[in-house]
Structure formats: structure tokens, C-alpha cells
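The values are calculated or read from the model by the stated rules, or taken from the named source; none is laboratory data. Fair warning: this is a prediction, and the values are worked out from it, not measured in the lab. Cβ placement follows ideal geometry from the backbone for every residue including glycine, while neighbour counts extend to all protein chains displayed.
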Amino acid sequence: MSAWGDAFVWRALAAGVGVALVAAPLGCFVVWRRMAYFGDTLSHAALLGVALGVVLHLNPVPAVLIAALATGALLVALQHHGEFASDTILGILAHSTLALGVVVLALVESVRVDLFSYLFGDILAVFGTDLYWIAGGVVVGLAALAFLWRPLLAVTVHADLARVEGVPVTAVRLAFVALLAIVVAVAMRIVGILLITSLLIIPPATARHFARTPVQMAVIAAAVAVLAVAAGLAASLTWDTPAGPSMVVASALLFLLSLVVSRGRG
Amino acid sequence: MTNADEALVESRGVSVRLGERWVLEDVDAAVAPGEILTLIGPNGSGKTTLVRVLLGLQRPDRGRIRRRSGLRIGYVPQRVHVEPTLPLTVAGFLALGSRGERERAREALAEVGVARLLDARVQHLSGGEFQRMLLARALLREPDLLVLDEPAQGVDVGGQRELYRLIGRLRERRQCAVLLVSHDLHLVMAATDRVLCLNGHVCCRGAPAAVSADPEYRRLFGPLDREFAVYTHGHDHHHDVDGSVVSHTDQST
């Protein structure tokens, strides 16, 4: 455990905790709105963003943000006008963007990209510029979520009712997709593209049985997520396992524990 | 037909197309202040579509909508499903529609007879309780117009009758207009001032008794003639005992 003396470990912990704090409350809405697959598609598109960043020499975080925002906008447009079911569209976009990302990265031979670190995260490699982008994303994400909380909840419960009551439903929905894109961009370095959705979904699912109000569920989910990130990082340092997957495993164990505890109470 | 100047909301020549099919054709409808107007018609006759157009939730392909400026609408949609994963109390649900202190929410619930449910979980409510909660959320908007799309859905027959009486009382107390959607004439007619019978187009309109005698209406609802006779009886009965019934149900809820 001597690794706790190193600065990079604390940087990793700070980044992980920050991402957990914004991902968990937003993830509550992903659960309530049944948009897990939507989140998954945005995160798959992140690899296309990484490729874009390599080609244009951008930091991967803003590059992924751009790719996720574009994919989100495309999804919203297609879902309103397409003849296909939305999960078909999501599946097409998720895998074609992921595949396109891999292909583009392979074509750019000048740069060697560690694919594994993007797919499963590399929190210990988070350095200066990344940290600023992540901090910015977390602050903006949390502020926007606080501002959007009530209208977003109203739209989640019943969109038509919210609209009659004066909520700008379309704007709120688009803002939510933008927030998801931000979380995907900041979470990619932590748990990796393939595991981002778990960071969004598992802590809220764990919190569900212990919350009586939406706010309580978001707060408990955030606490669970922070715990999972810290435990995963500790496990990673102790047993030399990859940090991102270790966090997700910790998160899943906490979820199982919550099932046992809530069954015991109920 | 109501004078155009005083209508709260009004459609003129509204037509809506769904793919190849016209679900609404050339519909004129208007809700006057303080009246209860009931939209009636078989399934798929365009009732909900007309309501959505009047509420501004859907743009008509032809025709236009006029709403009185500053009109406050309380809306009870047809189907509201709250995700089981969303922990929401009745108080929390009411706060989504209008910010306000608990006391106001409790008063609105009391007005619809379910004040005790303030801290109940939304997912634990019965069909009738859920509809009353929706009604309370609509009332908290201090509406000039209540729009109720099949408000008695998922409520047993006895509860339905009570619910329609409640709507009548709310109109009296609050002096608001009510636009009611129903496919069940028997229960609604007693509580309504005017009926608009819809089947893609406007079949007929007028006072409940006049509509029920209309040949168009009879053609549409012909097989129900026998039941309808039973209904007429109920209608008279309800009007005879109106006052006493009101106080009785107030106590029982």
C-alpha cells in the first residue's frame, strides 16, 4: 500500500471521485428513463472521438465530448423521424461508431494508441491536462444537473403533462443528452468506454431500495459510487488489477450487498 | 355553438393525419368559461388527438387553434406510469407541477378527498387514488380549464360515479371549465353541460339529452341502446339527490 504516497494515486482518486459524483445522480435519470442502451451508444461513440482527437491532435476529453454530442444529436433526430425501433438505431450507431473508431486508429499508423486503456480505462495515467478537463466537466455537469433537476424530473414522469405545465420539454431532453455526453467524456479515462454505462447504472440501482425521494436516491447513489471508486482503486493497487474494471466489480459487489440487505429488511 | 369571443380554447376546421388516415377531419370545438364539455366517441375516434391539439401538444395538419391568452390549464393525461425504480411520494409528485409548500399540497389533496396520502408512495396508490392525485396536481395550477382525458380509467364503477360527481363539485367551487374525454356515456352524461360526439368528424353536439336522441349518435352507439335506458334512469336519480350525495361522499372519502 506504499503506493498511496504517490501523487498520481491521489490524482486518480480525485478524478474518480469527481466523475462518480456527477455520474451517479445523472445515472438515476438514465435508470428512471430506461436509457441504459442510449448511454451505452454514446460511450461506444467515444472511441470515434478518441480517433478524432488523434487525427486532429486534440486532448481526448474534448474530442470525445464532440463525438458524443454529435452522436446524441444524431440519435435524437433519427428517433423522431425513423421507421426503425429506437433500439435498432442505437445498436447500429453504437457498433458502427466503435468499429469506425478502431479502423481510423489503425489507419493512423504514426501514433500508437493503447486500445485497452481506452476500452477499460487507465485512471492511473490521468495527468495534468486530463485532470483539468475532468474537473471542468464535473463542475459543469453538476451545476447543469442541479439547474435541470426539477424540469428533468417532471419530463421523466410525464412529458406531455410537463409540457402543458410550461416545461420546455425538447430543450430539457437535449440538455440531458448533452449532460450524458459530458459524463461519457470525463468517465472514459476512468473506467473506459466499455464500462461507462455500469458507472451510470449500478450505483443508482444499489441506492433504489434505500431512498424515499429522488434526491435521496441521487445522494445515496453518489456515495455508493465514491465508495466503489475508492475500493476499486485500492484493490487495483493491492492486487495489481486494472483500476477501471476493479471499480466496476466493487460497484457490482455493493449492488449485491444492497439486494441482500434490502431483502433482509423487507 | 359558443360565441368565439368568450371561448377559453377553440379549434376551427382542425384536421389531423396519421400516415394515410385522417384521424380528425374538419373539427370545430370550443370550451366556454365555466362549462363542462364532454368529448365522446368510440375507440380510435380521435378524442385524445383532439385534446392534444387543443392543448398545443400536437400541431394540426389543417385548421387552427385559438387559446385565450394567459389561460391556465390543469391537465390529467390518459395514462400516467411512474417507473417502479423512481422513489416518489405524492407530495413529491405534486411539487413537480407547481412549486409550493406542503400545506397547499395537502389542501389540494383534501379537496379531492385524499389528504391522508400526502406521504404515500405513488406506486402504492390504487387506481382511484392515483387519479385523484393527478386531479390535485391539476388543481394546484389554479386552472381556468381542467382537461381530463378518461379520468376514471382504472377505477371501479362505483368509484367512477363518485369521481364524476367530484368533478362536478370542483367545477361549482372553482368556477373553472372542464373538458372531459370519455368513451362511456352512461356515467358522464349526468355531469356534463354539453356533449360533442366525435368519430373522426363531429357527429353531433348539444345538450346530453339532445345528443342521445340524435340519429348519428344512435347509429354510432346503437348496440348500447338497452344499457342506455338504464343509464337514463341513473341520470334522473343523480339529479334528484344531488345535494345530499355530495355531503355523503365527502364524509366517506
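Summary of values
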read-out: Matching residues in region B:2-33 - criterion: being farther than 22 Å from B:Arg218 by Cα and crowded, with 17+ Cβ neighbours inside 10 Å; value: B:Ala7, B:Leu8, B:Val9, B:Glu10, B:Ser11, B:Val14, B:Ser15, B:Val16, B:Ala30, B:Val31, B:Ala32
read-out: Residue list for region B:126-144, restricted to those being part of a loop (DSSP other than H, G, I, E, B) and within 14 Å of another protein chain (Cβ to nearest Cβ); value: B:Leu140, B:Arg141, B:Glu142, B:Pro143, B:Asp144
read-out: Only one of B:Val147, B:Val155 that is within 14 Å of another protein chain (Cβ to nearest Cβ), not in a helix (DSSP H, G or I) and not aromatic (Phe, Trp, Tyr); value: B:Val147
read-out: Out of B:Leu39, B:Leu96, B:Leu57, B:Leu71, sole residue that is in contact (Cβ under 8 Å) with a residue 40 or more places away in the chain and closer than 18 Å to B:Asp149 by Cα; value: B:Leu39
read-out: Search result, residues across region B:96-109 that are surrounded by 22 or more Cβ atoms within 10 Å (Cβ to Cβ) and within 12 Å of another protein chain (Cβ to nearest Cβ); value: B:Leu96, B:Gly97
read-out: Checking A:Val261 against (1) within 13 Å of chain B (Cβ to nearest Cβ); (2) in a helix (DSSP H, G or I), the condition it does not meet; value: (1)
read-out: Residues of region A:14-39 satisfying the condition of being more than 14 Å from chain B (Cβ to nearest Cβ) and not aliphatic (A, V, I, L, M); value: A:Gly16, A:Gly18, A:Tyr37, A:Phe38, A:Gly39
read-out: Condition met for A:Thr129 (among the hydroxyl-bearing types (Ser, Thr, Tyr), assigned to a helix (DSSP H, G or I), in contact (Cβ under 8 Å) with a residue 60 or more places away in the chain and away from every other protein chain (no Cβ under 12 Å)); value: yes
read-out: Flag if A:Val248 is away from chain B (no Cβ under 14 Å) and touching a Ser or Thr at 6+ places or on another chain (Cβ under 8 Å); value: yes
read-out: Candidates B:Val90, B:Val80, B:Val122, B:Val112, filtered to the one that is buried (at least 18 other Cβ atoms within 10 Å of the Cβ), more than 12 Å from chain A (Cβ to nearest Cβ) and either among the basic types (Lys, Arg) or without any contact (Cβ under 8 Å) to a residue 60 or more places away in the chain (or both); value: B:Val112
read-out: Per-region count, region B:33-78, residues of a type outside the set (Phe, Trp, Tyr) and in a strand (DSSP E or B); value: 14
read-out: Residues of region A:120-130 satisfying the condition of being surrounded by fewer than 20 Cβ atoms within 10 Å (Cβ to Cβ) and modelled with pLDDT of 85 or more; value: A:Phe120
read-out: Subset of region A:187-228 (residues that are within 12 Å of chain B (Cβ to nearest Cβ), polar (S, T, N, Q) and either surrounded by 24 or more Cβ atoms within 10 Å (Cβ to Cβ) or under 30 Å from A:Leu47 (Cα atoms) (or both)); value: A:Thr206
read-out: Candidates B:Val181, B:Val157 - the one that is aliphatic (A, V, I, L, M) and surrounded by fewer than 20 Cβ atoms within 10 Å (Cβ to Cβ); value: B:Val157
read-out: Residue within region A:174-182 that is within 14 Å of chain B (Cβ to nearest Cβ) and over 16 Å from the mean Cα position of the chain (by Cα) present; value: no
read-out: Residues satisfying the stated conditions in region B:45-66, i.e. within 14 Å of chain A (Cβ to nearest Cβ), of a type in the set (D, E, K, R) and buried (at least 17 other Cβ atoms within 10 Å of the Cβ); value: B:Arg52
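Results for (1) charged (D, E, K, R); (2) in a helix (DSSP H, G or I); (3) within 11 Å of another protein chain (Cβ to nearest Cβ); (4) more than 18 Å from A:Val191 (Cα to Cα), shown as yes or no for each residue.
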{"residue": "A:Ser117", "(1), (2), (3), (4)": "no, yes, no, no"}
{"residue": "A:Trp133", "(1), (2), (3), (4)": "no, yes, no, no"}
{"residue": "A:Leu142", "(1), (2), (3), (4)": "no, yes, no, yes"}
{"residue": "A:Leu153", "(1), (2), (3), (4)": "no, yes, yes, yes"}
{"residue": "A:Val172", "(1), (2), (3), (4)": "no, yes, no, yes"}
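Listed here are the residues, each with its yes/no results for (1) in contact with a Cys (Cβ under 9 Å, 6 or more places away or on another chain); (2) buried (at least 23 other Cβ atoms within 10 Å of the Cβ).
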residue	(1), (2)
B:Arg169	no, no
B:Arg174	no, no
B:Ala191	no, yes
B:Val195	yes, yes
B:Asn199	no, no
B:Val211	yes, yes
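Quick grid of which residues meet (1) modelled with pLDDT of 90 or more; (2) in contact with a Lys or Arg (Cβ under 8 Å, 6 or more places away or on another chain):
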residue: B:Val112; (1), (2): yes, yes
residue: B:Ala138; (1), (2): yes, no
residue: B:Gly154; (1), (2): no, no
residue: B:Gly159; (1), (2): no, no
residue: B:Arg169; (1), (2): yes, no
residue: B:Leu180; (1), (2): yes, no
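So that you can scan it fast, the table gives a plain yes or no per residue for (1) surrounded by 15 or more Cβ atoms within 10 Å (Cβ to Cβ); (2) of a type outside the set (Val, Ile, Thr); (3) in contact (Cβ under 8 Å) with a residue 40 or more places away in the chain:
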site: A:Arg34; (1), (2), (3): no, yes, no
site: A:Thr41; (1), (2), (3): yes, no, yes
site: A:His44; (1), (2), (3): yes, yes, yes
site: A:His57; (1), (2), (3): no, yes, no
site: A:Val64; (1), (2), (3): yes, no, yes
site: A:Ala73; (1), (2), (3): no, yes, yes
site: A:Thr88; (1), (2), (3): no, no, no
site: A:Ala99; (1), (2), (3): no, yes, no
site: A:Leu107; (1), (2), (3): no, yes, no
